[in-house]
Amino acid sequence: MTVLLETRGITQRFSGLVANSDVSISVGRGEIVGLIGPNGAGKSTLFNLIAGVYTPSEGSIWFDGEDVTRLPPAARCQRGIGRTFQVVKSFESMSVIDNVIVGALVRNTVMREARRKAHEVLEFTGLAARARVLASDLVPAEKRRLEVARALATEPKLLLLDEVLTGLTPTEAQTGVELVRRVRDTGITVLMVEHVMEIVMPLVDRAIVLDLGKVLVEGKPTEVVRDPKVITAYLGDRHAVGA
Amino acid sequence: MDKDFTNRRRRELVTAAIFAALAALVPLFVKDVYVQNIMVLTLMYAALSQAWNILSGYCGQISLGHALYFGLGAYTTALLFMKFGVLPWFGMLAGGVISAVIAMALGYPCFRLGGHYFSIATIVIAEIALVLFQNWDWAGAALGIDIPIRHDSWVTFQFTRSKLPYFYFALVLACIAWLVTWWLEDSKWGYWWRAVKDNPSAAESLGIDVFNSKMGAAAVSAFLTAIGGSFYAQFVSYIDPESVMGFQFSLLMALPAVLGGIGTLWGPVLGAVILIPLTELTRSYIGGSGRGVDLIVYGLLIVLISLARPQGLVGLFSRSNPKKAVSR
């Protein structure tokens, strides 16, 4: 499996606070990788560094064989990194289809083609029936799906999902899990930040656990959940002894 | 689905054509010069407000300094004609290009400002330009420019005996501004602008160059505004800084769109049709002594609208759901 995304020794400081410290991870083509860890572990920072919201204080980010460390978010999207937002950022005054068309315009400059692509993505994500509804009228679970649809319309090689399954009902979460699987089946690599372990673990091929800004453990989900270090990070020392 | 959309687009175009045709017939029945004058101004402000709407309504960058581009258009045309004998048609084009370039030069620092700070900057810049023109001797300073009258003709775009040519030109101008907006609405620019307005960081994550999108909107908006200014200079044939670059023009360009529906295709037209006759009438009947009664009237209108119909008056015309007007 060839490497699609690689971070090399990334350190990110926010006026004295070290959010990420010497983080080196890699994501292979076609993988679903879960980025997990307790609150304040630095998951969101790492995520935003990969998406281009921040430029790291040290280290570099390589995507598809190219150094993208200094590229702004728009340029990274053009190179094939799509993302969703943890706090949904729909274009509220626009309809669902128009939201997705905005994404589709990255690769389709002719309006008719962008529109066709957008309809295609809405079918794929199960939002077709809601195409003409205003984004502001969607229920929360639909808004999450719209985030994914919009990012998919940019035809990414790597899809970054920021807690898309958090806060959903079990049924909604299950639909989400299936959607992520289908996304991967189309050949798109997925890197997802998640809080809810039970949902993520069966879904991902590999899990990377962050704690206190560093990579704590990395490996198969079944191994990772049993790792004493991970249990300590999540639950504290007392529980690690029993494990 | 796609058919739905194409049909709606076509319907809009047909509706506009019908309105334009009806408007073109009005002077056959209305011979009163005073009323014709109001009609010319109404059409001009419909065009200007449509231009303002591109930057401020669609792209969300609220400008309260569009008087600058209006004035630049008027001055470029008048100066080129008076000093160099350049026909107003070329002056109009030159004014448009100059304004677009200046809009981008000003946008370069200003688009880095967020929200209200951008609006404040536009006011300040327009006021500075006003003062500069008041002190620029070559351009007539505070006394202004009397555009030399040659003879009534479309070549020099001067008509002293009839207002009709101005009326028809203003109608064409309003139609052009509407058509440009209509076309932009279903272009990548239109989508970029609305995305930038709604959520800049999401727009960026979808590959949109937010800064360039704003620059594009500013250029188109300033170009069209300057054309309106050029027209105004020909129409009144006398300009001075206060009468083409005063702050009230910035307001008069923004208010029709706000009243009719900001960021909508029909908002500026609807707003201008209601607001401009109202302004002119209040000015001539109760204005008189002190300026500003007209401003009080539509200040009141704006307050009422923002309380009852924040999406603007176009919301009244959409079936059942007021939000449909802005959705597509």
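Values in this text are rule-based calculations from the coordinates and carry no lab data. Keep in mind that what you see is a predicted model, and the values were worked out from it rather than measured. So basically every Cβ, Gly included, is an ideal-geometry build from the backbone, and we count neighbours across all protein chains shown.
Considering all C-alpha pairs of segment B:1-148, those separated by over 22 Å amount to 58%.
Mean per-residue shielding of peptide A:124-136 is 2, counting Cβ atoms of other chains within 10 Å of each Cβ. Computed over chain B with a Gaussian network model linking Cα atoms closer than 10 Å, the most mobile of B:V40, B:V210, B:V314 is B:V210. Just checking the listed ones, B:L130, B:L80, B:L206: in the Gaussian network model of chain B with Cα springs under 10 Å, the one fluctuating most is B:L206.
The alpha carbon centroids of segment B:111-150 and segment B:239-265 are separated by 15 Å. Viscosity 1.306 mPa s, temperature 10 °C: Stokes-Einstein D of segment A:88-155 from its Kirkwood Cα radius, in µm² per second? Rounded, D is 141 µm²/s. Kirkwood hydrodynamic radius computed over chain B comes to 20.3 Å, based on all pairs of distinct alpha carbons. Charge tally around B:F211: other residues with Cβ under 11 Å, Lys/Arg +1 each, Asp/Glu -1 each, net 0. Shielding by partners for peptide A:86-94, expressed as the average number of C-beta atoms from other protein chains within 10 Å of each residue's C-beta, is 5.
With a 10 Å cut-off around each Cβ of A:103-116, the average count of Cβ atoms from other chains is 3.
A protection proxy built from the mean count of other Cβ atoms within 10 Å ranks the segments B:216-222, A:24-30, most packed first, as B:216-222, A:24-30. Based on C-alpha pairs under 8 angstrom that are at least 6 apart in sequence, chain A has a relative contact order of 26 percent.
Taking packing as the residue-averaged number of other Cβ atoms within 10 angstrom, the listed peptides B:10-21, B:189-200, B:49-60 run from highest to lowest as B:49-60, B:189-200, B:10-21.
Here the simple spin-label model places points 7 Å from the Cα toward Cβ, and for B:R161 and B:I128 these points are separated by 4.8 nm. So, R0 is 41 Å and r is the distance between the beta-carbons of A:S26 and A:V110; what FRET efficiency does that work out to, to 0.05? For A:S26 and A:V110, the calculated efficiency is 0.65. Under the membrane-span-like helix rule (DSSP H runs whose alpha carbons stretch at least 18 Å along the helix axis, mean Kyte-Doolittle hydropathy -0.5 or higher), chain B yields B:2-29, B:33-53, B:67-84, B:88-110, B:115-134, B:164-185, B:210-236, B:247-260, B:267-282, B:293-308.
Computed over chain B, the per-residue total of -39500 (n - 2.57) for DSSP H runs of n ≥ 4 gives a 222 nm mean residue ellipticity of -23500 deg cm²/dmol, rounded to 500. Once the gyration tensor of the Cα atoms in chain A is diagonalised, the equivalent ellipsoid follows with semi-axes of 31, 21, 16 Å, ordered largest first. Given in Å, the Rg to one decimal and the Dmax to the nearest whole number for the Cα atoms of the protein assembly as shown are 28.6, 101.
Simple spin-label estimate for A:D185 and B:D2 gives 2.6 nm between the two label positions (7 Å along the Cα-to-Cβ direction from each Cα).
Between A:V196 and A:T55, the contour length at 0.36 nm per residue exceeds the alpha carbon distance by 47.9 nm.
Taking a Cβ cut-off of under 9 Å around A:M192, the surrounding Lys, Arg, Asp and Glu residues balance to a net charge of -3, with basic ones at +1 and acidic ones at -1. Expressed as a whole number of Å, what is the distance separating the alpha-carbon centroids of segment A:1-55 and segment B:179-234? Answer, in whole Å: 36. For the charge dipole of segment B:2-247, defined by +1 on Lys and Arg C-beta atoms and -1 on Asp and Glu C-beta atoms about the Cα centroid, which residue among B:A47, B:S99, B:C110 has the Cα displaced farthest towards the positive pole? It is B:A47. When only Cα pairs below 8 angstrom with a gap of at least 6 residues are kept, segment B:2-247 shows a relative contact order of 39 percent. State, to one decimal in nm, how far the label point of B:E242 lies from the label point of B:F19, with both points 7 Å from Cα in the Cβ direction. Going by the 7 Å Cα→Cβ label model, 3.5 nm.
Once the gyration tensor of the Cα atoms in segment B:54-109 is diagonalised, the equivalent ellipsoid follows with semi-axes of 25, 10, 9 Å, ordered largest first. Electrostatic tally near B:K163: other residues with Cβ closer than 11 Å to its Cβ, Lys and Arg +1, Asp and Glu -1, net +1.
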